[in-house]
Each structure stands twice: as structure tokens, then as C-alpha cells.
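The values are calculated or read from the model by the stated rules, or taken from the named source; none is laboratory data. Given the structure is predicted, the values throughout are model-derived calculations rather than measurements. Using ideal geometry, Cβ is built from the backbone for each residue, glycine included, and neighbour counts are taken over all protein chains shown.
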Amino acid sequence: MVLEAIERYREQGERSYHEGDFEQATAAFERALAIEPGESGVQVGGGDALAALWSAKGACLARLGRYEEAAACHERAARIGPGDASRWSRLGEVHLETKHYQKAIEAFDLALAVDAECPSALLGMARALSTVGRWREAVEVARKFSAAAGRPAPVRGGAILCHE
């Protein structure tokens, strides 16, 4: 019964997110987290449910511009499920958005320690490094991104973009 309720709220949150209703999606993920039976990593829908819920809530909050809360959610997701590079990468992206470049670099480092070819982490790291003037490293990481993703890193006005 508890797992069905969590799954129902998760599905509602995903549906609302894809419809662009980030407030409603956040509320649905919060309801699911409120009944989550602990931080044991209960399996719902074939994955690490708790970390996925925190990550989803973080994505909603980032879309709403609530970056500090989003960073806390992504960090919690990454600590619960540290073996998923995308969780660390999402944390890095939020830190990039808030101009906390050293924190972003640290989060992308953790993502790349899990998966050295994670495209989002490579692209985010290249952007963070170029932003702080570490050009040679940024170019090297952008090349790794190109090799991993099979396409060049997106560039606009000489700057490496995190998102296209």
C-alpha cells in the first residue's frame, strides 16, 4: 500500500513536470517523500526510489529558480545514491547556475569519478573550468565530451555552453 502511494505520487510528479507545472510536480514529489519509509533505498519502479525522488524534486525546484533548495535536494539524492553520475552532475549544474563555480567543479569531479564519460558532467565541467579561466583544462574536457557524446561541445561566442 505504501509503495503504491509513493509510485502514484511519483507518476503524478513526472506527469506534472513534463506538462511544465513545476509547482504541482514539486508538491507531488514532496508527498511521495513524506511517506517514503526511510533512507534504505526502497526499490520503486526499478531504481533507487528515494534518491530518484529527491533528484526529481531538485529538478523541479531548479526550474522554479529555487536553486538553494534544489542544490540541497540534489546533494541529498547524490549522497543516498552516489553511484549515479547524473545525480552529481545535476548538483554541479545547480552550482553553475548560482555561480558557485568551485562547488560545481567538485560536484562534476564526483560525477566523473563514477562515470568518466558522463556527457552532462563533462560538458558542465568544461563550462565551469572555462568560466573560472582554466582554459586548457576546459578544452581538454570539451574534447572528452566530444569523444563520449559523438559530437562537438556546444559553443556560443567562444563560451562552452552547459545546455544547448
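Points to keep in mind about this one:
- Matching residues in the stretch 127-149 - criterion: being among the small types (Gly, Ala, Ser) and crowded, with 17+ Cβ neighbours inside 10 Å: Ala128, Ser130, Ala138, Ala142
- Tally of residues being of a type in the set (D, E, K, R) and either farther than 15 Å from Ala59 by Cβ or surrounded by fewer than 19 Cβ atoms within 10 Å (Cβ to Cβ) (or both) across the stretch 80-126: 7
- Filter pass, Gly124 being assigned to a helix (DSSP H, G or I), of a type outside the set (S, T, N, Q), closer than 24 Å to Tyr9 by Cα and free of Cβ contacts under 8 Å to residues at least 40 places away in the same chain: no
- If you filter the stretch 63-79 down to residues that are surrounded by 15 or more Cβ atoms within 10 Å (Cβ to Cβ) and closer than 17 Å to Val114 by Cβ, you find that the one that is nearest to the chain's Cα centre (by Cα) is His74.
- Scope the stretch 79-93; condition within 18 Å of Thr26 (Cα to Cα) and among the aliphatic types (A, V, I, L, M); matching residues: Leu91
- Residue within the stretch 127-136 that is in the same structural domain as Pro154 (by TED's automatic domain parsing), modelled with pLDDT of 95 or more and under 16 Å from Ala59 (Cβ atoms) present: no
- Ala49, sole failed condition from (1) more than 13 Å from the chain's Cα centre (by Cα); (2) closer than 22 Å to Arg127 by Cβ; (3) not hydroxyl-bearing (Ser, Thr, Tyr): (2)
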